[in-house]
Amino acid sequence: MFTGIVEELGEIVRSTETGDDSALVAIRGPLVTSDARHGDSIAVNGVCLTVVDVDGGVFTADVMGETLRRTALGALRPGDPVNLERAAALNSRLGGHLVQGHVDGVGEIVVREPAAQWETVRFRLPAGLARYVVEKGSITVDGVSLTVAEAGDDWFSVGLIPTTLKLTVLGSKQVGDPVNLEVDVLAKYVERLLGDRSAGGAR
């Protein structure tokens, strides 16, 4: 479990195909690897990956074909920056919201509107995710916990403060770039519970 508060801007070192539609990815992140061990979880652009090995501030993780197909990780190349966050500790503050690191779909930046102190960014939503996105609700974009400013049938927008622009990959991404999206898991649970209740009432 994560909180969507990025700890470090890391970098893809290399990606090696390992056969069977998978890859071994090496990522530089001195902060997140300072106490990392084999088996720990680190979110990379919002995708929960399991640490295989740590060496000199670089950790490696196996990325399965399913993850490569359903997230934007497959588009990353050596030298690309990535948002990194270690799994939340039970005694830490919850600065963002509950994030699982399970990407629901890949969105796309469609508009960037700079302002004096912040920037408004609009994203295209994959089909089927719009029902989980509400104005003033939470959403995770490339591992960053954000508040939805506006929401439409197939899009949503957020406001990015200077800190987010400076310390995460969202500051450098351009119109047309893909982003990993994770909707608020509470919305999915509520939908399931209400659906089960309706089905039960019908019976």
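The rows are residues; the columns are (1) touching a residue at least 12 places away in the same chain (Cβ under 8 Å); (2) open to solvent by 60 Å² or more (accessible area, probe 1.4 Å); (3) under 20 Å from ILE5 (Cβ atoms).
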| position | (1), (2), (3) |
| --- | --- |
| GLY29 | yes, no, yes |
| ALA36 | yes, no, yes |
| GLY56 | no, yes, no |
| VAL63 | yes, no, no |
| ARG70 | yes, yes, no |
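State which residue is nearest to MET1 (Cα to Cα) when the search covers only segment 111-137 and only residues that are assigned to a strand (DSSP E or B) and open to solvent by less than 40 Å² (accessible area, probe 1.4 Å). Residue satisfying both the conditions and the ranking: PHE123. Checked against (1) closer than 16 Å to ALA88 by Cβ; (2) within 17 Å of the chain's Cα centre (by Cα), ALA36 meets all criteria but (2). Could you tell me whether ALA36 is modelled with pLDDT under 95 and not charged (D, E, K, R)? No.
Quick grid of which residues meet (1) at pLDDT below 95; (2) under 14 Å from the mean Cα position of the chain (by Cα); (3) not basic (Lys, Arg):
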{"residue": "GLY107", "(1), (2), (3)": "no, yes, yes"}
{"residue": "VAL111", "(1), (2), (3)": "no, no, yes"}
{"residue": "GLN117", "(1), (2), (3)": "yes, no, yes"}
{"residue": "SER145", "(1), (2), (3)": "no, yes, yes"}
{"residue": "GLU150", "(1), (2), (3)": "no, no, yes"}
{"residue": "GLU182", "(1), (2), (3)": "no, yes, yes"}
{"residue": "GLU191", "(1), (2), (3)": "yes, no, yes"}
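Residues of segment 162-174 that are open to solvent by less than 20 Å² (accessible area, probe 1.4 Å) and in a helix (DSSP H, G or I): VAL169, LEU170. Just one of the listed residues (GLY101, GLY96, GLY159) is surrounded by 15 or more Cβ atoms within 10 Å (Cβ to Cβ), part of a strand (DSSP E or B) and of a type outside the set (A, V, I, L, M), namely GLY159.
The values are calculated or read from the model by the stated rules, or taken from the named source; none is laboratory data. None of the values given here were measured: they were computed from a predicted structure. No Cβ is skipped: glycine too gets one built from the backbone with ideal geometry, and neighbour counts run over all protein chains shown. What goes into the accessible areas is simple: the full protein's heavy atoms, side chains included, and nothing from ligands, DNA or RNA. Shrake-Rupley method; radii C 1.70, N 1.55, O 1.52, S 1.80 Å.
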